[in-house]
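**Student:** The structure follows.
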Amino acid sequence: MSRADLASGQVIRMSLLFRVQHLVLTVLLLILAVTGFSLMYHDNALAQAIIRLEGGVHNRGIVHRIAAVLLMANVAHHLFYMLLSREGKREFQDLIIGRRDIDDFLQSLRYNIGAAAEYPLFGKYGYKEKFQYWGASVGTVLISITGFMLWAEEFSMRLFPKFVLDLALVVHGYQGLLAFVILFFWHLYNVHLHPSVFPMNPSWITGKVSAEWLRREHPLEYEKLKEEGLL
């Protein structure tokens, strides 16, 4: 951390590369959601209006496929980043779900119903962030695989019986809907609209959060940085 960061009481939480990956993922998922749901619910008047804005069904398909290819490229880049870079390896270790995360989840439930006296203490990532990350990762892989099967329909039909493609269509559509609901509602609330950070957590833009916020929301990470002399 630089002297300016220390002087301003800011802590680096997201690197520039991580922020770029996050922004690209956000934009591509929005494009895929709009172009995908307009076809999935094509009988809806709003969906028909969106398809017209996209230039018709053919152009909608082109935009959807381009965004899908870029999404898979972003996922591949993220995978190499997490497994091969020094920074990514540290992030990967922090994001692994362990027994403590399950215990923290259960303790938070007990706390919310008044059966526990204390809310669990979190490190850099709590169980919410980890569940969201791995849920989004698995969902993106499922969407990519089923989307490729539907895109290469003739090739897929030579490998699989028709019911597999029918299942892929259902999984692709509803997994996309689930991902949209979780990422753009649950994630949006927890990261930006929650009272502890409202109106926005600035780390996705600046990469930094205040040391005071970190002390309140991720006290174990705060103590770790203090021990390392970074606070």
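Rule-based calculations on the coordinates, nothing more; no lab input. Keep in mind the model is a prediction, meaning the values are calculated, not measured. With ideal geometry, Cβ positions are generated from the backbone for all residues, glycine too; neighbour counts draw on all protein chains shown.
**Student:** Can you report the principal axis dimensions of the range 91-159 using only the alpha carbons, biggest first, rounded to whole angstrom?
**Tutor:** Computed over the Cα atoms, the extents are 59, 27, 15 Å.
**Student:** Less than 18 Å from a label point 7 Å out along the Cα-to-Cβ axis of E228: which backbone N atoms in the range 53-93 qualify, by residue?
**Tutor:** Correct set: 82-93.
**Student:** When the Karplus curve 6.51 cos²θ - 1.76 cosθ + 1.60 is applied with θ = phi - 60°, which whole-Hz ³J(HN,Hα) does each residue of the range 21-30 get, with x for Gly and Pro?
**Tutor:** Karplus-based 3J(HN,Hα) across the range 21-30 equals 4, 5, 5, 4, 4, 4, 5, 5, 5, 5 Hz.
**Student:** Full extension from L17 to F155: what is 0.36 nm times the residue separation minus their Cα-Cα distance, to one decimal in nm?
**Tutor:** Between L17 and F155, full extension yields 46.1 nm more.
**Student:** Please list, in order along the range 49-57, the HN-Hα scalar couplings obtained from phi with the Karplus expression 6.51 cos²θ - 1.76 cosθ + 1.60 (θ = phi - 60°), rounded to whole Hz, x for Gly and Pro.
**Tutor:** Each residue of the range 49-57 in turn: 5, 5, 4, 5, 5, 6, x, x, 4 Hz.
**Student:** What distance in nm separates the two pseudo spin-label positions at F163 and V63, each 7 Å out from Cα along the beta-carbon direction?
**Tutor:** Reported label-point gap for F163 and V63 is 3.7 nm.
**Student:** Using 7 Å Cα-to-Cβ label points, what is the N112/N190 separation (nm, one decimal)?
**Tutor:** 1.1 nm
**Student:** Then there is this: Using the Cα atoms as the points, what is the convex hull volume per residue of the range 15-181 in Å³?
**Tutor:** Output value, Cα hull per residue: 168 Å³.
**Student:** Over the range 1-156, what is the mean sequence separation of C-alpha contacts under 8 Å (at least six apart), divided by residue count, expressed as relative contact order in percent? Mind dumping the intermediate values first?
**Tutor:** Details: 78 pairs, mean separation 22.2, N = 156.
With pairs under 8 Å counted, the relative contact order is 14 percent.
**Student:** Moving on. Tell me, what is the FRET efficiency for L79 and L177 to the nearest 0.05, using R0 = 35 angstrom and their Cβ-Cβ distance as r?
**Tutor:** The pair L79/L177 has a calculated efficiency of 0.90.
**Student:** Across the chain, where is the longest run that never hits GluC sites (Glu not before Pro) in a DSSP loop with at most 13 other C-beta atoms within 10 Å?
**Tutor:** By the stated rule (loop sites, at most 13 other Cβ atoms within 10 Å), 1-117.
**Student:** Work out how much length E87 to D43 would gain on full extension: take 0.36 nm times their residue separation and subtract the Cα-Cα distance, in nm to one decimal.
**Tutor:** Extra length from E87 to D43 when fully extended: 11.2 nm.
**Student:** Between Y111, Y125, Y189, which gets the highest mean-square fluctuation from a Gaussian network model of the chain, Cα cutoff 10 Å?
**Tutor:** Highest fluctuation among the options: Y111.
**Student:** A further question follows. Quick check: convex hull of the Cα atoms in the range 113-228, volume per residue, rounded to a whole Å³?
**Tutor:** Spread over its residues, the Cα hull of the range 113-228 gives 170 Å³ apiece.
**Student:** In addition: When ranked by the protection proxy of mean other Cβ atoms within 10 Å per residue, highest first, what sequence do the peptides 95-101, 133-139 form? Walk me through the numbers before you get to the answer.
**Tutor:** On the way: 95-101: 12.9, 133-139: 15.1.
Highest to lowest by the protection proxy: 133-139, 95-101.
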